[in-house]
Amino acid sequence: MTLLIYFFAALNINLPFMFTLSALLKPCSGTEYRLLALLGLSVFITNSYLSFILLNVTEGQAFLLCLQPLAIYSIGPTVWLVVKHTLNADFRIQKPHALLYAPGALVSAGFFYTVMTGDLHPIMIPSPDSLGFYPFVLGFLYTIVFVSMAARMLLKRYQQDSQPSEGQSLRRIFLIACAGGLVVLLVSLAGLMFSNQLTIILPLMLTTLVLLGLFITDVRFPSLFQDIRDAIEKAPYRRTLLDQSVADEVGSRLTVLMEEEERFRTNDLTLARLAEEVGISTHQMSEYLNLHLGQGFARYLNGYRIRAAQKALREEPDKPVLDIALEVGFRSKSTFNSAFSTVTGTTPTAWRKQEQTPD
């Protein structure tokens, strides 16, 4: 049982930590990715504190307790800003939006002061008779309001979709994630108000389920999250458009590299490497692909690879699918199948059979 608790606590600490790192390490880490990193960091702080309590670890609890208000008050505005910016191309995150994080910063500063003076006990979750109780309650309410607003925007956009699409599927997933987040917040708030021990266990369990669900979905269906990645990657370039003459030169050079020299067949081709061969910066290359071609680097590259693969599947019916996948630039059959299915809606083997079947 003890081993299970340690595993559970480690999972709840490491999942949001890895989420934070992945957002920070993106090649085009603009404001949106930094917000996602802040969201992951907020969940990491909250889960770490609850896990420390679950494991009866006293060292560091005072520090984590002081960071709790900042983390809790930050989750809602961060979710709202990310969703708002992703759904609305005209919305820009500006410096005044930093005021949304002011309540959490003020409450955390107050917590630091009361812990240092001994007025707030750092080990237990604040109870109704402690100084930290009402700031915690207000923090949950503050976050619930913003997450609800984000869910409402997602629901409205989802209902406006006239035809099923990857974007619609993505919005459905994020609606479910927002709903799961609201359940976690409501359960945490109820446990806090009624001094229930489930304040620790249930939020951790529910947070784990939401994060694991998103992680498994992203691994199992990587293309499903590509729409939001593309939308986020476009954001930093809304005010820094390439000069049209430069864009034309980039387009001409890319045509030579990809269509004549078939550089897409290089399995280790990266955005930075392609930009170097074109003679521009990585940022400019990403900007060109997102704004002028309307797609991120992965989709752009896979488009060429899939078209080349389709030609090979049609013209070389006896050639193994794996050999074709490696020839067009994929590193494995699984990644090839996933990318091929995203573009064509079927597997390479099924597509080849369809092509060979007489009309």
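Worth a mention:
- Debye equation applied to the C-alpha atoms of the stretch 240-359, log10 I(q)/I(0) at 0.13, 0.15, 0.21 Å⁻¹: -0.55, -0.70, -1.11
- A 1.4 Å probe, protein heavy atoms only, puts the accessible area of Tyr113 near 150 Å².
- Thr270-Ser130 FRET efficiency (beta carbon distance; Förster radius 56 Å; 0.05 resolution): 0.60
- Distance (nanometres) between label positions extended 7 Å along Cα→Cβ at Tyr113 and Thr335: 5.4
- Ala102-Glu59 FRET efficiency (beta carbon distance; Förster radius 30 Å; 0.05 resolution): 0.50
- Here the accessible area of the stretch 244-313 is 43 percent carbon and sulfur, with a 1.4 angstrom probe and all protein chains present.
- Computed lengthening from Leu326 to Thr255, 0.36 nm per intervening residue step minus Cα-Cα distance: 23.4 nm
- Ala350-Arg152 pseudo-label distance in nm [points 7 Å out on the Cα-to-Cβ vector]: 4.1
The values are calculated or read from the model by the stated rules, or taken from the named source; none is laboratory data. The model shown is predicted, which means the values in this text are computed figures rather than measured ones. Note: ideal-geometry Cβ built from the backbone for every residue, glycine included; neighbour counts use all protein chains shown. Note: areas computed on protein heavy atoms with side chains; ligands, DNA, RNA excluded. Shrake-Rupley method; radii C 1.70, N 1.55, O 1.52, S 1.80 Å.
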